[in-house]
Each structure stands twice: as structure tokens, then as C-alpha cells.
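Structure record follows, encoded as C-alpha cells.
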Amino acid sequence: IVEQIVRKNRRVLKPQGLVVFSFYNAESLVLNLKNDLPWQELSLSAKYNTNTQRLEVNFGDETFQISSKTYTYGDVKNTLLGNFNLEDIVTYPTISAILPDDLFNNPEAQNLCKTVDSTLARNEEIAGGAYILALCRKGGDLQSSEEIIGHEKILKLLRIHNIESKTKEHAPIHSLDG
């Protein structure tokens, strides 16, 4: 299904247009370590349940279950490179996603985690962030931005609507002023 979504975005995007894709990372630290962590409350409000293949989103007092699928960094990169110019690809957050929520009450710890996560975000060897975010650009040349006016605009509209036109040549028409 991801292939269909990527192809559809490529089809509707203008040349040189940008699109951002977000995927749940099958290789994330939070998915691979969640059963080994001594604390239960992680900082993410959305967690992927590998048993049910659903994303559990906590919103206030409610938890919503959304059908979803995880993808590997390599699969995402290969799929997107076959369809777009890959401007940037990162995984995020890495460390923040596996630490207990109450740690982030400390501003110093919060800043340190943000710095570490930003550093790890582009590390392809680790690629351990909970989400894979990719900024993609469609290839192709931009169309000329010159505005078509007058007679040329009328001819273009006729062509768009498959209306045959016939042009008669004649001498210039002068205005009433001369």
C-alpha cells in the first residue's frame, strides 16, 4: 500500500514540488527495547503495538487504536529514491522515545536529549528513531511562469476544451480615435 501512496503523490505533485512522508520505524529503539526497559511510561503519546499491528494514540484520557504498519529505514529510502529526489531523511526521536516521561520535567535533561536526538537523527547506521521522516522533491522542469494574455489565452482555452478554431487574416482595426 505504501507504493500506491508514493506513486499517487508523485502523480499529483507539480514538477519540483515537495512532499513529506512519515513512517513508523520497524527498527526503532523504542520498539526493540520496550520489553527490556525497567520503566513503563515512555515519553511518546503514540506507541506501536507489534502484537496487534496498531498504533495506540493517547489523547487525554482516551486511547485510540489505529491500524498501521512499520517500515525499515532501508525499505523507505529505496521506495522513495525510486520515485523522488530524496532531499532529507531522518529518524526521530531516538533517545527521548525510550526514556521515562518524568525525566523531561528537568529542563537540562530535556535539552540534552534534544541535542542527542538531533545528532542521531541523520545517523543511517543507527536509524533508531521512532519515526522515519522524509522530505522528497519531484523531478522535472518548472513550467514557465509567464502569464498568457489576450489572443494566446483564448487559443489556449479553445485547445483545452477541444474546440476547433479558424483564424481569418485581416487588416488592422483602428479605434474610433483614429
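Some points to look at:
- Selection status of Tyr24, in contact (Cβ under 8 Å) with a residue 40 or more places away in the chain, among the hydroxyl-bearing types (Ser, Thr, Tyr) and open to solvent by less than 70 Å² (accessible area, probe 1.4 Å): yes
- Cβ-Cβ under 9 Å pairs, at least 6 apart or on other chains, segment 68-96 side over 17 Å from Gly128 (Cα atoms) and in contact (Cβ under 8 Å) with a residue 60 or more places away in the chain, far side of a type in the set (Gly, Ala, Ser) and open to solvent by 30 Å² or more (accessible area, probe 1.4 Å): Phe84/Gly139
- Residue within segment 55-77 that is open to solvent by 60 Å² or more (accessible area, probe 1.4 Å), more than 15 Å from the chain's Cα centre (by Cα), farther than 24 Å from Cys136 by Cβ and of a type in the set (Lys, Arg) present: no
Residues are listed down the side, and each one gets a yes or a no for (1) closer than 22 Å to Pro38 by Cα; (2) in contact with a strand residue (DSSP E or B) (Cβ under 8 Å, 6 or more places away or on another chain); (3) charged (D, E, K, R):
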{"site": "Asn78", "(1), (2), (3)": "no, no, no"}
{"site": "Leu81", "(1), (2), (3)": "no, no, no"}
{"site": "Thr94", "(1), (2), (3)": "yes, no, no"}
{"site": "Leu99", "(1), (2), (3)": "yes, yes, no"}
{"site": "Asn106", "(1), (2), (3)": "yes, no, no"}
{"site": "Ala109", "(1), (2), (3)": "yes, no, no"}
{"site": "Thr115", "(1), (2), (3)": "no, no, no"}
{"site": "Leu120", "(1), (2), (3)": "no, yes, no"}
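- So Leu13, is it touching a helix residue (DSSP H, G or I) at 6+ places or on another chain (Cβ under 6 Å) and at pLDDT 85 or above: no
- Ser145 vs. criteria modelled with pLDDT under 90 and of a type in the set (Gly, Ala, Ser): yes
- Residue in segment 92-102 that is within 14 Å of the chain's Cα centre (by Cα) and either within 20 Å of Asn25 (Cα to Cα) or open to solvent by 50 Å² or more (accessible area, probe 1.4 Å) (or both) present: yes
- Asn49 being without any contact (Cβ under 8 Å) to a residue 60 or more places away in the chain, of a type in the set (S, T, N, Q) and loosely packed, with under 11 Cβ neighbours inside 10 Å: no
- Given (1) in contact with a helix residue (DSSP H, G or I) (Cβ under 9 Å, 6 or more places away or on another chain); (2) surrounded by fewer than 13 Cβ atoms within 10 Å (Cβ to Cβ), number of the condition Leu29 does not satisfy: (2)
The values are calculated or read from the model by the stated rules, or taken from the named source; none is laboratory data. Because the structure is predicted, anything quoted here is derived from the model rather than measured. A quick note on method: Cβ atoms are made from the backbone with ideal geometry, for glycine too, and the neighbour counts reach across all protein chains shown. With ligands, DNA and RNA removed, areas are computed over all heavy atoms of the protein, side chains included. Shrake-Rupley method; radii C 1.70, N 1.55, O 1.52, S 1.80 Å.
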